[in-house]
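K.L.:
Here it is: the structure, laid out below.
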Amino acid sequence: MNAVADTPVKDGVVADTFVDFREVFLAYDNSDECAVEDISLQTRPGEFIAIVGPSGCGKSTFMKLATGLKAPTRGTVHIAGQPVTGPLKFVGMAFQAPTLLPWRTTLDNVLLPLEIVEPYRRTFRKDRDKHVERALALLKTVGLDGYADKYPWQLSGGMQQRASICRALIHEPKMLLLDEPFGALDAFTREELWCVLRDLWTERKFNVILVTHDLREAAFLADTVYVMSKRPGRIVARRENPLPRPRDIDITYTEPFSALVHELREHIGRVRST
């Protein structure tokens, strides 16, 4: 299924889009075998999308293409109207493992991107008080008020992941990429962090690309869900989420939510049996 919509195009870029993949292929080094092939999709500014599919289907490769860490073998990738020619500076990322530096406090871990990413790096010392104020406000938003001086080993797994999300957002990125960010957490903590992420996105409306194996997570958080095939990864289904916003956890016990999850599971089942 080709996910390209019939929308106006100017200079090769679809109007009113933020992420724009057009017929993107990525072959392995020195190989004709592709990790992903013929990926075409567009997202609106501020849209939250989720990508689901079997292990090894190219979901993480898609993330690398979106951030400029990998260049396509064929096709084009535009982000915010510009061609992606290298690593993007206006992207935040969070992974399944929080990867907080053990010798830094929670606050200093959150501040880390501002110390290494331009244009913040050159003025970090001068503007540190302003950055600390913003970091503390972020920590309070995610329920870590009072934990700024704690070290990672003093935090639970869920707290570490909250701090990781704050670190990904501290430089106010236009796009947040999440690679299985809650996969290692227990079900209750995972649902708590769904709501934290929902609230942050609702407030700031940054673009989000979420890679997940959890179909309930995709159905709860995303505006649009894309299903990828087995390797080489292709987009085989695109499903706009019909569930109204704002969404509370109670919606996960309703028939429409279950129907959406079941539909996504059927797509994954067809992918696995192919």
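K.L.:
From the P(r) of the chain, can you give the percent of Cα pairs sitting at distances over 31 Å?
P.N.:
Percent of Cα pairs beyond 31 Å in the chain: 28.
K.L.:
Once every DSSP H run of n ≥ 4 in the chain is given -39500 (n - 2.57) and the sum is divided by its residues, what mean residue ellipticity at 222 nm do you get, rounded to the nearest 500 deg cm²/dmol?
P.N.:
Details: 7 runs with 91 residues, N = 274.
Computed ellipticity for the chain at 222 nm equals -10500 deg cm²/dmol.
K.L.:
Hey, another quick one. Normalised by the residues of the chain, what does the relative contact order come to in percent, with Cα pairs under 8 Å and at least six apart?
P.N.:
Averaging sequence separation for qualifying contacts and normalising by length gives 25 percent for the chain.
K.L.:
Output the antiparallel fraction of DSSP beta bridges having both residues in the chain, as a percent to the nearest 5.
P.N.:
Antiparallel bridges: around 50 percent, rounded to the nearest 5.
K.L.:
Right, another one. Under 24 Å Cα to Cα from K205, which lysines show up? Leave out anything in the same chain fewer than 8 places away.
P.N.:
K59, K64, K89, K130, K140, K174
K.L.:
So, one more: Averaging the inverse of every distinct alpha carbon separation and then flipping it gives the Kirkwood radius. What is it for the stretch 118-260, in angstrom units?
P.N.:
Taking every pair of different Cα atoms in the stretch 118-260, averaging 1/r and inverting gives 16.9 Å.
K.L.:
May I pose another question? Can you give the local net charge around N109? Use residues other than it whose beta-carbon is closer than 12 angstrom to its beta-carbon, Lys and Arg +1, Asp and Glu -1.
P.N.:
So the environment of N109 carries a net charge of +1.
K.L.:
What shape does the stretch 102-172 take by its C-alpha gyration tensor, where a ≥ b ≥ c are the square roots of the eigenvalues and a/c under 1.5 counts as rounded, a/b above b/c as prolate, and the rest as oblate?
P.N.:
Prolate, because a/c is 1.5 or more and a/b exceeds b/c.
K.L.:
Going toward the positive end of the dipole of the chain, with +1 on Lys and Arg Cβ and -1 on Asp and Glu Cβ, which of G269, T224, A168 do you reach last?
P.N.:
A168
K.L.:
Amide H of N241: which non-local residues (sequence gap of 5 or more, or other chain) have their own amide H closer than 5 Å, using H built in the peptide plane?
P.N.:
T224, V225
Laboratory data are not the source of any read-out in this text; all were calculated from the coordinates shown. Source: prediction; values computed, not measured. Cβ sites come from the backbone with ideal geometry, for glycine too, and all protein chains shown count toward neighbours.
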